[in-house]
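No lab work stands behind these numbers, since they all come straight from the coordinates. Given the structure is predicted, the values throughout are model-derived calculations rather than measurements. Here the Cβ positions follow ideal geometry from the backbone for every residue, glycine too, while neighbour counts run over all protein chains shown.
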Amino acid sequence: MGAGQIEQIGTPEDLYLRPATALVAEFVGLSSRVAGLAAGAKAIVFGQEVPLREPVADGPVEVYLRPENLRLVGPNEPGVDAVVAESSFLGSFRRTLVRTADNALVRVQHPATDTVAVGDRLRVSLVKVPVLARPAQVVP
């Protein structure tokens with residue numbers, strides 16, 4: 001619920017994988033909200049195309065990325081440069097917060113064997129799964 005209105009009804013899987021609104025995406029699980037540019041049925045985020053879950057007007061958008069839909073990649077692979085801000089060991093995986101070259105904070109979920117330390121420089125790439133996007137808020 002948001003502002004006294006039902007935002008979405010569904011199974012936990014539906015709410016997590018197919019959030020109907022930005023409020024649901026932020027409330028159920030973790031999402032990183034980053035700037036993108038919508039064009040047709042896709043958005044450009046960090047210089048990479050990802051499909052949109054639902055249509056949105058072309059132009060600047062906020063894109064919601066789940067930690068498991070980002071991955072650490074090698075220096076010559078498509079992606080965005082980033083610096084590790086923090087990393088947490090969570091058993092079989094780690095959740096690492098990175099600051100990208102354009103100053104976005106993004107959470108990346110990756111195997112625990114891929115150890116990183118605060119200050120490490122690395123690259124982050126997007127998994128090509130449908131994402132939720134909303135028109136960007138214009139600040140006067």
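Brief remarks follow.
- Scanning the range 81-140 for residues that are of a type in the set (Lys, Arg) and part of a loop (DSSP other than H, G, I, E, B) returns a single hit, LYS128.
- Within the range 36-80, considering residues that are under 15 Å from the mean Cα position of the chain (by Cα), within 15 Å of ARG123 (Cβ to Cβ) and of a type outside the set (A, V, I, L, M, F, W, C), the one surrounded by the fewest Cβ atoms within 10 Å (Cβ to Cβ): GLY47
- Cβ-Cβ under 6 Å pairs, at least 6 apart or on other chains, the range 46-75 side part of a strand (DSSP E or B), far side among the β-branched types (Val, Ile, Thr): VAL50/VAL131; VAL63/VAL34; VAL63/VAL45; VAL63/VAL131; LEU70/VAL108; LEU70/VAL124
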